[in-house]
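Q: To start, I am sharing the structure in question, which I have written as structure tokens.
The values are calculated or read from the model by the stated rules, or taken from the named source; none is laboratory data. A quick note: this is a predicted structure, and the numbers were derived from the prediction, not measured. Note that each Cβ is placed from the backbone with ideal geometry, even for glycine, and that neighbours are counted across all protein chains shown. The accessibility values were calculated without ligands, DNA or RNA, using every heavy atom of the protein model including side chains. Shrake-Rupley method; radii C 1.70, N 1.55, O 1.52, S 1.80 Å.
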Amino acid sequence: TPEVRLLSAQPYFGAPSVPRDPSEDSAARRAVWQRYLIDVRSDQRTLADRLSAIAGVRLVAYGWQFPGGDRFTAPVEIERPGGHSEVVTTRVAETGENYFAALNATIVQGRDFTRADFETGAAIAIVNEPFARRCFRGLNPVGQRIKIQRQDRGDEWREIVGVVPDLALNPADPARGDGVYAPAAPSNVVRVAVLADTEPMRFLPVIHDLARGLPLRPQVQWAHTLGEQMAEPVALFRILGIGFVSLGTVALLLSCTGIHAIVAFSLAQRRRELAVRMALGAGATTLARALLGRTIRQLALGAIGGVLVALLIARLLDVLPFDVPQGDAWLVVMMSFVLTGAGTLACAAPLKRALELRPLDWLRDS
């Protein structure tokens, strides 16, 4: 949630000197990396301990993805009774120690990750409530098994040990916020989060100073507050939305101007006919029906055609291999009424002027 005073920064711990000769044993290179990651984890814990000792810092956590930040989508295989399985596509976030506590998130069911889980590389996972509702349909997900299918590395069956609330894994589309949390593997690129009692950005210089004092001297690449991270994924959609609304408004105004001009021209062409009708006693309703009947029918046909095309496009989107929000059909219908009403109002001004003139004035001018 945006009210949480959280600062996340990304310190980069570099890379070890690994032989680049292809003839070198790959197992030896992996061993160099493993030893280096042990030193990285030691520095990360030292940084967390030193930050926790600072006044105003409530908690320090690590993780690869925080709400609003980068997260990836992956197929997740769900084990079903009878040896069957089901694959769904969902968001996946890799987290570190104290992740959920830093977000003030309460464990709804089961338990949180522990330090022992990270040290032993336990094959476990935590899911959020949207995922539990989508995939388990009222069943208790704790104790069930899932497998995260990733192209960069294989994965094993993981036991679900807990359920957490929706923590904005997909702020751009909250209706599809289902996701899975897995313990983060040791890495030289990981994000540290500081939960503060005061303005969190004031701790950024402290993080830089403490990072320079570590043996590996990591570089802090960037830092954001939680509010900034939450706003970033929807910023582009907000700009696009404003742009489309502006273009739509301009198009609507131009269309109404065109309809107004066409109706005014039609009235000018038919002024003799209208004068005769008025002289013979035709009322305002009869004149309005004669003048605008065809225009209103064209507007109505255009609105109905637009609704049908919109519903057809929504149906065609179902064949795409990923989820596309279909929107509300009532919204499409409502917008068709709005556009029809705007076109009708564009006819009102010339009609009003026509009805205010006397028949003699029309005949004299013609």
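Q: Does the stretch 275-284 contain at least one residue that is touching a Ser or Thr at 6+ places or on another chain (Cβ under 8 Å), farther than 30 Å from Met201 by Cα and modelled with pLDDT under 75?
A: yes
Q: For the stretch 297-306, which positions are over 18 Å from Cys256 (Cβ atoms) and open to solvent by 40 Å² or more (accessible area, probe 1.4 Å)?
A: Answer for the stretch 297-306, where residues must be over 18 Å from Cys256 (Cβ atoms) and open to solvent by 40 Å² or more (accessible area, probe 1.4 Å): just Ile304.
Q: Of Ala132, Ala211, which residue is farther than 24 Å from Gly110 by Cα, open to solvent by less than 50 Å² (accessible area, probe 1.4 Å) and either at pLDDT 85 or above or touching a helix residue (DSSP H, G or I) at 6+ places or on another chain (Cβ under 6 Å) (or both)?
A: Ala211
Q: Next question, about the same structure. How about the stretch 62-81: which of its residues are closer than 23 Å to Thr114 by Cβ, out of contact with any Gly (no Cβ under 6 Å at 6 or more places or on another chain) and modelled with pLDDT of 85 or more?
A: Answer for the stretch 62-81, where residues must be closer than 23 Å to Thr114 by Cβ, out of contact with any Gly (no Cβ under 6 Å at 6 or more places or on another chain) and modelled with pLDDT of 85 or more: just Val76.
Q: Hey, any hits in the stretch 219-240 for a residue that's over 15 Å from Ser8 (Cα atoms), among the basic types (Lys, Arg) and at pLDDT below 80?
A: The answer is yes; a qualifying residue exists.
Q: Take Arg191 and tell me if it is of a type in the set (Lys, Arg) and farther than 16 Å from Ser52 by Cα.
A: no
Q: Something else about it: With respect to Ala211, is the statement that it is of a type in the set (Gly, Ala, Ser) and touching a residue at least 60 places away in the same chain (Cβ under 8 Å) true?
A: yes
Q: Follow-up question, since we're still on this one. Against the condition open to solvent by 60 Å² or more (accessible area, probe 1.4 Å), under 21 Å from Pro186 (Cα atoms) and polar (S, T, N, Q), how does Asn104 come out, does it pass?
A: No: the conditions fail for Asn104.
Q: Pull out all pairs, ordered by first then second residue, where Cβ-Cβ is under 6 Å, the residues are six or more apart or on different chains, the first lies in the stretch 295-309 and is more than 26 Å from Ala264 (Cα to Cα), and the second is among the hydrophobic types (A, V, I, L, M, F, W, C).
A: Filtered contacts from the stretch 295-309: Val307/Val332.
Q: Among the residues of the stretch 223-256, write down those that are open to solvent by less than 90 Å² (accessible area, probe 1.4 Å), in a helix (DSSP H, G or I), in contact (Cβ under 8 Å) with a residue 40 or more places away in the chain and not hydrophobic (A, V, I, L, M, F, W, C).
A: Within the stretch 223-256, Gly227, Gln229, Pro233, Ser255 meet the criteria.
Q: Condition test on Val206, is it part of a helix (DSSP H, G or I) and closer than 30 Å to Asp43 by Cα?
A: yes
Q: Moving on. Quick check, is Gln10 farther than 17 Å from Phe118 by Cα, open to solvent by less than 30 Å² (accessible area, probe 1.4 Å), under 40 Å from the mean Cα position of the chain (by Cα) and modelled with pLDDT of 85 or more?
A: yes
Q: Answer yes or no: is there a residue in the stretch 158-165 that is part of a loop (DSSP other than H, G, I, E, B), within 23 Å of the chain's Cα centre (by Cα) and touching a residue at least 40 places away in the same chain (Cβ under 8 Å).
A: yes
Q: Being within 17 Å of Leu339 (Cα to Cα) and open to solvent by 50 Å² or more (accessible area, probe 1.4 Å) is the filter here; which residues of the stretch 263-296 pass it?
A: Arg294, Ile296
Q: Follow-up. Just to verify a result, which residue in the stretch 166-200, among those that are touching an Asp or Glu at 6+ places or on another chain (Cβ under 7 Å) and part of a strand (DSSP E or B), is most open to solvent (accessible area, probe 1.4 Å)?
A: Pro183
Q: Can you name the residue in the stretch 192-203 that is of a type outside the set (Ser, Thr, Tyr) and out of contact with any Leu (no Cβ under 8 Å at 6 or more places or on another chain) and is also nearest to Leu47 (Cα to Cα) among such residues?
A: Checked the stretch 192-203; the qualifying residue nearest to Leu47 (Cα to Cα) is Arg202.
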